[in-house]
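Every number in this text was worked out from the coordinates using simple rules, so none of it is lab data. The structure presented is a predicted model; accordingly, all values stated were derived computationally and were not measured. Please note: Cβ atoms are built from the backbone with ideal geometry, for glycine as well, and neighbour counts cover all protein chains shown.
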Amino acid sequence: MKPADIAMHRQQKNALAHILASSRILDRLFYERPTVEVARDLLGKILIHGSTAGRIVETEAYLGEHDMAAHASHGVTPRTRVLFGPPGHAYVFLIYGMHYCLNLVAEPDGIPGCVLLRALEPLAGIDIMLRRRPQASSIHDLASGPGKLTRAMGITRRHNGMDVTQGELTVRALTGDSFFEVATGGRIGIRHCRDWPLRFFICGNPSVSR
DNA sequence: CAATAGATCATCT
DNA sequence: GATGATCTATTGC
């Protein structure tokens, strides 16, 4: 390993340690609220998986039976069972035969609703992410989309149904104050209910998808 | 740059 | 058997 690589490695390990020391894990009550609120409040939080971490900069809310764009609108099936279960769990599915999408289940047990994590700003384990996504044109391109995010973080169907309030995949809130402006827009990549303002993102953040 | 084709598979009809 | 909550490479201006 070259000196530059060693330095980068140490810096990244320090980055993760610093995040862990200055943040607190989100408990189940955070998720046990209206989906839109959860989607809005997840902005600025930190997603941690293994030694990779990133700040959530873009989310989308997917509701229940009236939201034709949501998987839950077609009722309970083996796949969507997680969406109707207790909050604070991961819902991971394969889309277009090649990309995984990571969602976090919201609402009380029995009521469907989830938040799609669309983009992250990489904070730690960037060397690992670069290895997983060699095509990335920049650091900010590493996780600037739902499929990119899961690939960069190493998330697969294996994580479907996992409890994100403990274990290997978690979301944390920084203890210090952080200020940013939130923008709202129509959701992306769907046919139904395109104009519903259920997409939230941090204004001006370079890791937000197009 | 913007537009578009192709890859590829679990899930549901 | 059709269909996506996508990404990338390639083409054409």
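Normalised by the residues of chain A, what does the relative contact order come to in percent, with Cα pairs under 8 Å and at least six apart? It would help to have the intermediate numbers written out before the result.
Working: 465 pairs, mean separation 55.7, N = 210.
About 27 percent, as a whole number.
So what are the ³J(HN,Hα) numbers for segment A:37-53, from phi and the Karplus equation (6.51, -1.76, 1.60; θ = phi - 60°), rounded to whole Hz, Gly and Pro as x?
Karplus values, whole Hz, x for Gly and Pro: 4, 4, 4, 5, 7, 6, 4, x, 7, 10, 8, 10, 9, x, 9, 9, 8.
Gain in length, A:S51 to A:E168, computed as 0.36 nm per residue apart minus the alpha-carbon separation, to one decimal in nm?
Working: separation 117, 0.36 × 117 = 42.12 nm, distance 0.97 nm.
Length difference between fully extended and current span is 41.1 nm.
In the neighborhood of A:A72, defined by Cβ-to-Cβ distances under 15 Å, what is the net charge if each Lys or Arg adds +1 and each Asp or Glu adds -1? Don't skip to the answer; put the middle values down first.
On the way: positive: A:R79, A:R81, A:R187; negative: A:E60, A:E65, A:D67, A:E107, A:D109.
Here the count lands on -2.
Quick one: what are the phi-derived ³J(HN,Hα) couplings along segment A:26-35, Karplus 6.51/-1.76/1.60 with θ = phi - 60°, whole Hz, x for glycine and proline?
7, 8, 5, 4, 4, 7, 7, 9, x, 3
How far apart, in nm, are two points set 7 Å out from the Cα along the Cα-to-Cβ line at A:R33 and at A:H99?
If labels sit at A:R33 and A:H99, their model points lie 2.9 nm apart.
As a check on your grasp of the helix formula, calculate [θ] at 222 nm for chain A: sum -39500 (n - 2.57) over DSSP H runs of n ≥ 4, divide by the residue count, round to the nearest 500. Spell out each step's value before the answer.
On the way: 5 runs with 45 residues, N = 210.
Mean residue ellipticity, 222 nm, calculated: -6000 deg cm²/dmol.
Where the centroid of each part is defined by its Cα atoms, how far is segment A:155-210 from segment A:17-70 in Å?
6 Å
Can you list residues whose amide H is under 5 Å from A:K45's amide H, if they're 5+ apart or on another chain and H is modeled 1.01 Å from N?
A:I56
If you wrap a convex hull around the C-alpha atoms of chain A and split its volume per residue, what is the figure in Å³?
On the way: hull volume 25.6 nm³, N = 210.
Dividing the Cα hull volume of chain A by its residue count gives 122 Å³.
Given a Förster distance of 35 angstrom, what is the FRET efficiency for A:H192 paired with A:T156, based on the Cβ-Cβ distance and rounded to 0.05? Present the calculation step by step, with values, prior to reporting the outcome.
Values: r = 27 Å, r/R0 = 0.77.
Here the calculated transfer efficiency is 0.85.
Please report A:I19, A:I155 as a ranked list, fewest other C-beta atoms within 10 angstrom at the top and most at the bottom.
Details: A:I19 18, A:I155 23.
Ordered from fewest to most neighbouring Cβ atoms within 10 Å, A:I19, A:I155 come out as A:I19, A:I155.
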